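A.B. asks: One structure follows; several queries about it will come next.
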Amino acid sequence: MAVSTAAPGVDSPDSPWADLSDTQREIVLALLHHGRLLRPDIMRIVGISPGSVTRLTTPLVEAGLLTVHTQQVADTGRPQSPLEVRADAESVVGVGLSTGLLTAVLTDLRLGVLATARRPLPGHTPADIISELAAALTELAAAAPESPPPSCLGVSLGGTARDGRTVDEAVFYGWHRVPLADFIEARLGVPTIIGNDLTALTLREAWFGVGRECSRFNVLTVGAGVGYGLVVDGKVVTNPDAELGLLGMVPVPDGGRPAGVSPAMACLTNESLEQLWTDHHHDWLTAADIVARAEAGSADAVTVCASFARRLGHLLGMAAAFALPETVVVAGERATIAALFEDEVREGIAAVRRASAAPLDIVVREHDRADWACGAATLALRARVLGEL
């Protein structure tokens, strides 16, 4: 895989996405979201006739964007030919930025990870980020030499980038109105989109995670901050305020008698867990070390993590009361607590949820920054299909 140094362009003449109709783009998006589909399923999802599905998909197959599979149906013996996005038609780079780390993944068009690179950040200036990104692209190229050059690049971070190009604000980097996409394209020559990390993670979950099985779910992240994503009818519900971390301001009770109430950001973050530990007259430890001690059976660590889990359950139950999800995905650096202290999470949910309500289906994602980078790749993939990159 070679890294391009040419000037970037949107829908360049050699782009296979340049001349697609809106309906053809809808077909590709449906295949990304649902995976392999038969033509009747495409007709139902997109809302087109049998003649249209053939007329519109044939050029996509000929262009190498879709692939046709032949399979026998056991009960009829008749062959069927479902369609699927061709994974190796192009490659995409996704980049997740955290306080001290840049994580990059190279994926195919079905978000299969081909290579991963992790680069510590020496600083937080745009030049620092782009320098490490260039090094990461070199690592990815070396790790996946048979892959085509990346057609596009997505970057996600804890901030707002409403136009997909300029970081309006990223507090943990001290950035305000930074035209990051322009800087990256000028240096690396890869069409780039910038997005909020939680929005990107939620889109990835909608297309390639629990969204394959259910159409309405929440994503709640705990760790460095508290984040919330909502998917309804397979679509990420978002607006400019969705990237401001508003759920962090919601007051969460601790289950004590009388109950103590704190905003979610003050009781469901790494910092809050570390503070609770020192409040129990211990020397300071990182949140990760506290959880590790709880796993090892330390009574005091179990106590503080169990309290964290009950509060998390309260927040999950309150969010579910408004959004009415089929499933709740818990992610982030401290998601492990939800798996280790499942009973306490359920106890917290039960405190704010009627016993006659259906039990919440909770999926806990093990924390891996590569998953957040895959979210950024999903942003880029969507923009690429829509002809925006």
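The values are calculated or read from the model by the stated rules, or taken from the named source; none is laboratory data. Fair warning: this is a prediction, and the values are worked out from it, not measured in the lab. Counting neighbours? That spans all protein chains shown, and the Cβs are built from the backbone with ideal geometry, glycine included. What goes into the accessible areas is simple: the full protein's heavy atoms, side chains included, and nothing from ligands, DNA or RNA. Shrake-Rupley method; radii C 1.70, N 1.55, O 1.52, S 1.80 Å.
A.B. asks: Can you list residue pairs whose Cβ atoms sit under 9 Å apart, with the first residue in the range 97-111 being open to solvent by 40 Å² or more (accessible area, probe 1.4 Å) and the second being among the β-branched types (V, I, T)? Count only pairs 6 or more apart in sequence or on different chains.
C.D. replies: As it stands, the answer is R110/V85, since those pairs meet every condition given.
A.B. asks: I would also like to ask the following. Would you list the strands (runs of 3 or more DSSP E) that sit entirely within the range 87-186 and hold 1 or more residues that are among the aliphatic types (A, V, I, L, M) and closer than 20 Å to G225 by Cα?
C.D. replies: In the range 87-186, 91-97, 101-107, 150-157, 167-170 are the strands (runs of 3 or more DSSP E) which contain 1 or more residues that are among the aliphatic types (A, V, I, L, M) and closer than 20 Å to G225 by Cα.
A.B. asks: Spot the failing condition for H282; the list is (1) in a loop (DSSP other than H, G, I, E, B); (2) in contact with a strand residue (DSSP E or B) (Cβ under 7 Å, 6 or more places away or on another chain); (3) of a type outside the set (D, E, K, R), and only one is missed.
C.D. replies: All conditions pass for H282, except number (2).
A.B. asks: I've got another one for you. Pull up the range 113-138, narrow it to residues that are farther than 13 Å from A373 by Cβ and in contact with an Asp or Glu (Cβ under 7 Å, 6 or more places away or on another chain), then point me to the one that is least open to solvent (accessible area, probe 1.4 Å).
C.D. replies: L121
A.B. asks: Go through the range 45-67 and report how many residues are under 22 Å from R110 (Cα atoms), open to solvent by 50 Å² or more (accessible area, probe 1.4 Å) and small (G, A, S).
C.D. replies: Looking only at that region, the number is 1.
A.B. asks: When the residues of the range 250-275 are narrowed to those that are assigned to a loop (DSSP other than H, G, I, E, B) and of a type in the set (A, V, I, L, M), which ends up surrounded by the fewest Cβ atoms within 10 Å (Cβ to Cβ)?
C.D. replies: Among residues in the range 250-275 that are assigned to a loop (DSSP other than H, G, I, E, B) and of a type in the set (A, V, I, L, M), the one surrounded by the fewest Cβ atoms within 10 Å (Cβ to Cβ) is A259.
A.B. asks: If you take the residues in the range 107-121 that are touching a Ser or Thr at 6+ places or on another chain (Cβ under 6 Å) and aliphatic (A, V, I, L, M), which one is farthest from T160 (Cα to Cα)?
C.D. replies: That would be L114.
A.B. asks: Enumerate the pairs (first residue in the range 346-357 and surrounded by fewer than 16 Cβ atoms within 10 Å (Cβ to Cβ); second residue anywhere and in a loop (DSSP other than H, G, I, E, B) and modelled with pLDDT under 95) with beta-carbon separation below 7 Å, excluding pairs fewer than 6 apart on the same chain, so at least 6 apart or on different chains.
C.D. replies: A351/G255
A.B. asks: Restricting attention to helices (runs of 4 or more DSSP H) lying wholly within the range 14-73, give those where 1 or more residues are among the small types (G, A, S) and under 26 Å from the mean Cα position of the chain (by Cα).
C.D. replies: Where helices (runs of 4 or more DSSP H) fall fully within the range 14-73 and carry at least 1 residues being among the small types (G, A, S) and under 26 Å from the mean Cα position of the chain (by Cα), they are 22-34.
A.B. asks: Something else about it: Does V167 fit the bill of being under 30 Å from L246 (Cα atoms) and under 17 Å from the mean Cα position of the chain (by Cα)?
C.D. replies: Here the answer is no, as V167 does not meet what is asked.
A.B. asks: I'm checking my understanding of the structure. Among residues of the range 186-218 that are among the basic types (K, R) and within 22 Å of S98 (Cβ to Cβ), which one is surrounded by the most Cβ atoms within 10 Å (Cβ to Cβ)?
C.D. replies: Of everything passing the filter in the range 186-218, R204 is surrounded by the most Cβ atoms within 10 Å (Cβ to Cβ).
A.B. asks: A141 versus (1) within 28 Å of D88 (Cα to Cα); (2) buried (at least 23 other Cβ atoms within 10 Å of the Cβ): which is the lone unmet condition?
C.D. replies: (2)
A.B. asks: Is it true that some residue in the range 170-185 is open to solvent by 70 Å² or more (accessible area, probe 1.4 Å) and within 19 Å of A380 (Cβ to Cβ)?
C.D. replies: Checked against the condition, which is being open to solvent by 70 Å² or more (accessible area, probe 1.4 Å) and within 19 Å of A380 (Cβ to Cβ), the range 170-185 yields at least one hit.
A.B. asks: Looking at the range 174-194, which of its residues are of a type outside the set (A, V, I, L, M) and farther than 18 Å from V385 by Cα?
C.D. replies: G174, W175, H176, R177, P179, D182, F183, E185, R187, G189
A.B. asks: What are the residues in the range 195-216 that are closer than 13 Å to A377 by Cβ and not in a helix (DSSP H, G or I), if any?
C.D. replies: Selection gives G195 alone.
A.B. asks: Ok, one more. Which condition number in (1) out of contact with any Ser or Thr (no Cβ under 9 Å at 6 or more places or on another chain); (2) crowded, with 19+ Cβ neighbours inside 10 Å; (3) within 16 Å of H33 (Cβ to Cβ) is the one that T221 fails?
C.D. replies: Of everything listed in (1) out of contact with any Ser or Thr (no Cβ under 9 Å at 6 or more places or on another chain); (2) crowded, with 19+ Cβ neighbours inside 10 Å; (3) within 16 Å of H33 (Cβ to Cβ), T221 misses just condition (3).
A.B. asks: If a residue has to be exposed (fewer than 15 other Cβ atoms within 10 Å of the Cβ) and within 21 Å of G255 (Cα to Cα) to count, how many in the range 276-299 make the cut?
C.D. replies: Here the count works out to 4.
A.B. asks: For residues that are of a type in the set (S, T, N, Q) and in contact with a Lys or Arg (Cβ under 9 Å, 6 or more places away or on another chain), scanning just the range 50-70, find the one that is nearest to D233 (Cα to Cα).
C.D. replies: Checking each candidate, the answer is T57.
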